[in-house]
Every structure is written in structure tokens, then in C-alpha cells.
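K.L.:
Sharing a structure with you now.
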Amino acid sequence: MQKKENIRIFGNIKTLCIAATLTAAAVVIAYLCKFLTTPDGNLRITFENLPIIFAGFVFGPWVGVSVGLCSDLLSALIFYGAGGINPLITLGAGCVGLFAGIISRVLPRNKDILRLGASVACAHIIGNMTVKSAALMIWYGTPVLGVLPRIPLYAVIATVEFCLLLPIVKSSAIKRMITR
């Protein structure tokens, strides 16, 4: 008799390992994109949300939120030390994974393009354009005009991430690996 392993929100060891890999990928992407920042620090061109959105889209909102929270906490610790953790920005990263997962579960399964587009858009609108922008204003006192350019920036980043995620999500090899 084979014992089935159950790890709370992850469901099994395989999902936990994939989530950990996606968390590591988000941290590495954040590190590589750290240098693509405006002098005032309000705008940063980064694709660190791509693994977070993928986690939420494929494995659901709880895995997505855990990948988002863990990757942001690790990135903050690596770049700024323990004093550099901004819990509101970490909340925004968690929202990216959470809403990508919620939207992917609500929309019909046979409409991958619609599900992915809505998941990416919702994740960026709520997580980056709203929560993280509010965090910059609350935590650092950034003026509203300082965060407004984030809207078109994240619209472009969301479009690029959608274009990068679509072939991954449609890949039969990825589908086999995830469902196996």
C-alpha cells in the first residue's frame, strides 16, 4: 500500500518543490532586474512576477500567494537586510499570486488565453498598480504623481509577461509535468 503525502496548501511534495523553484526564479529575476531602476527608485522594470503569476495560475491562489510572499521576503533580505522588509510591498507580491490563482479558478478551463490574460491583468492591477503603489505612498511618502507612471509601466510589463507565459502554459510538456 502506497502512502499518499499531503502537505497542507501545496497538496504534495512535487507541488512544494515546483513552488520553491518558482520562488527561487522570482528572486533571481528580481536580482538581475534590480539595476533597471529609475534614480528615485519608484519605477523598476522587472519580470519577477512571472513565476509568481505562473504559480497562482497553475497551482491555485494559496500556492501563488505563498510564492509571492516568500520571494518578496527573500529578495528584501538579500538586497536590503532585515530592516529593508516592507510588509505592505510583501502583501502586494502576495496579492499578485493570490489574484492570478483566483481568476484562473473562476474562469472556464477550456479558455486558456482568456484565463491567462485575465489572471495577469488582475494580478498586476491589484498587486502592483494598487497595493504596491499604495505601499510606496504610505511607507515611503512617495507622492501620487510619483507612482502614477507605474500604471503604464506595469501595463507593458503585464503584456510582456502574458506573451512569455502563453507558450509555457500551452506547452504539452509543461501540462504533462504538472498533471503527472
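The values are calculated or read from the model by the stated rules, or taken from the named source; none is laboratory data. The shown structure was predicted, so the numbers you read here are calculated from the model rather than taken from an experiment. Ideal geometry is used to build each Cβ from the backbone, glycine not excepted, and the neighbour counts take in all protein chains shown.
K.L.:
Could you please tell me which pairs satisfy a Cβ distance under 9 Å, a separation of 6+ or placement on different chains, a first residue in segment 158-180 that is surrounded by 12 or more Cβ atoms within 10 Å (Cβ to Cβ) and of a type in the set (D, E, K, R), and a second residue that is modelled with pLDDT of 80 or more and not in a helix (DSSP H, G or I)?
P.N.:
Cβ pairs passing all conditions: Glu161/Phe47.
K.L.:
Would you pick out the residues in segment 48-89 that are outside any helix (DSSP H, G or I), within 18 Å of Ser133 (Cβ to Cβ) and touching a residue at least 40 places away in the same chain (Cβ under 8 Å)?
P.N.:
Correct list: Asn86 only.
K.L.:
Find all pairs meeting these conditions: Cβ atoms under 7 angstrom apart; at least six residues apart or on different chains; first residue within segment 112-126 and closer than 10 Å to Gly97 by Cα; second residue buried (at least 18 other Cβ atoms within 10 Å of the Cβ) and of a type in the set (Asp, Glu).
P.N.:
Once the first residue is closer than 10 Å to Gly97 by Cα and sits in segment 112-126, its partners that are buried (at least 18 other Cβ atoms within 10 Å of the Cβ) and of a type in the set (Asp, Glu) give Val120/Glu161.
K.L.:
Applying the selection to segment 141-151, what residues are surrounded by 11 or more Cβ atoms within 10 Å (Cβ to Cβ) and without any contact (Cβ under 8 Å) to a residue 40 or more places away in the chain?
P.N.:
The first filter runs over segment 141-151 and keeps only residues surrounded by 11 or more Cβ atoms within 10 Å (Cβ to Cβ), leaving 142, 146-151.
Across segment 141-151, the qualifying residues are Leu148, Ile151.
K.L.:
Among the residues of segment 1-29 satisfying the criterion of being more than 18 Å from Gly60 (Cβ to Cβ) and either assigned to a loop (DSSP other than H, G, I, E, B) or among the β-branched types (Val, Ile, Thr) (or both), which is modelled with the lowest pLDDT?
P.N.:
Checked segment 1-29; the qualifying residue modelled with the lowest pLDDT is Met1.
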